[in-house]
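A.B. asks: The structure that follows is given in the form of structure tokens.
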Amino acid sequence: MRRSVFLTAPAMVLFAMAAAAQESRSEISVQGTGFLTQSATGNGTSYDATQTAGVLGTYRYRLNHWLSAEGAYGFERNTQKYALNSTDFRIQSNLHQFTGGLVFALPVVKRRFSPYLLTGGGILLFDPTGSDTNNVFGSQTQARGVFQYGGGVDYPILRRVSLRAEYRGLIYSTPDFSFSTLRTNSITHTAEPSIGLAFHF
């Protein structure tokens with residue numbers, strides 16, 4: 001009896017380790033994005049931004065079958081545009097996107113499409129590039145808190161690789177680069193569609 005227990009216990013441990021190894025709980029993704037920002041007006045100032053493309057990287061850890069935790073970093077470069085008193089100002093900046101949140105898995109569609117919803121928050125860091133043509137002297141790097149929401153779908157193309165199509169919406173206060181005259185006291189929205197690859201491990 002004792003001998004069978006000694007033989008069975010290690011076998012069960014090895015079986016559990018093998019099962020855990022086969023179960024993918026982590027994933028990383030790399031996605032190309034669009035960055036499309038709505039205009040806003042307030043405090044006598046109009047705000048707009050050029051449309052641009054960027055890149056987004058994410059890491060997700062599956063907590064259970066329907067819930068994952070996510071951290072993401074995105075990078076874009078665009079120009080913030082302001083108009084007040086018949087005068088236009090342009091500030092080119094690098095945008096660094098740092099967000100975290102939760103991802104909710106939805107029922108699998110037609111066995112292969114895996115849809116999901118996401119929500120979370122973080123910061124957008126507006127870092128002026130110092131462009132000679134699109135810059136206002138004295139522009140300061142500025143962070144804005146951001147709320148994000150969205151969803152997407154994964155489609156497996158290899159055993160541990162999926163094609164990912166996704167949409168994120170970002171809601172935040174317009175930047176002013178520490179200039180009171182550029183402050184709109186308004187909220188803007190950026191649509192961030194993306195497509196890329198997710199790697200499960």
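A.B. asks: Surrounded by fewer than 20 Cβ atoms within 10 Å (Cβ to Cβ), in contact with a helix residue (DSSP H, G or I) (Cβ under 7 Å, 6 or more places away or on another chain) and at pLDDT 95 or above, is that true of residue 75?
C.D. replies: It is false that residue 75 is surrounded by fewer than 20 Cβ atoms within 10 Å (Cβ to Cβ), in contact with a helix residue (DSSP H, G or I) (Cβ under 7 Å, 6 or more places away or on another chain) and at pLDDT 95 or above.
A.B. asks: Separate question: For segment 83-94, which positions are at pLDDT below 95 and basic (Lys, Arg)?
C.D. replies: Scanning segment 83-94 gives no hits.
A.B. asks: If you check 31, 80, 97, which single one turns out to be at pLDDT 95 or above and over 27 Å from residue 162 (Cα atoms)?
C.D. replies: The unique qualifying residue is 80.
A.B. asks: Which of (1) touching a Gly at 6+ places or on another chain (Cβ under 7 Å); (2) farther than 21 Å from residue 53 by Cβ does residue 172 not meet, given it meets every other one?
C.D. replies: (2)
The values are calculated or read from the model by the stated rules, or taken from the named source; none is laboratory data. Because the structure is a prediction, the values reported are computed rather than measured. In this analysis, Cβ positions are derived from the backbone assuming ideal geometry, glycine residues included, and neighbour counts consider all displayed protein chains.
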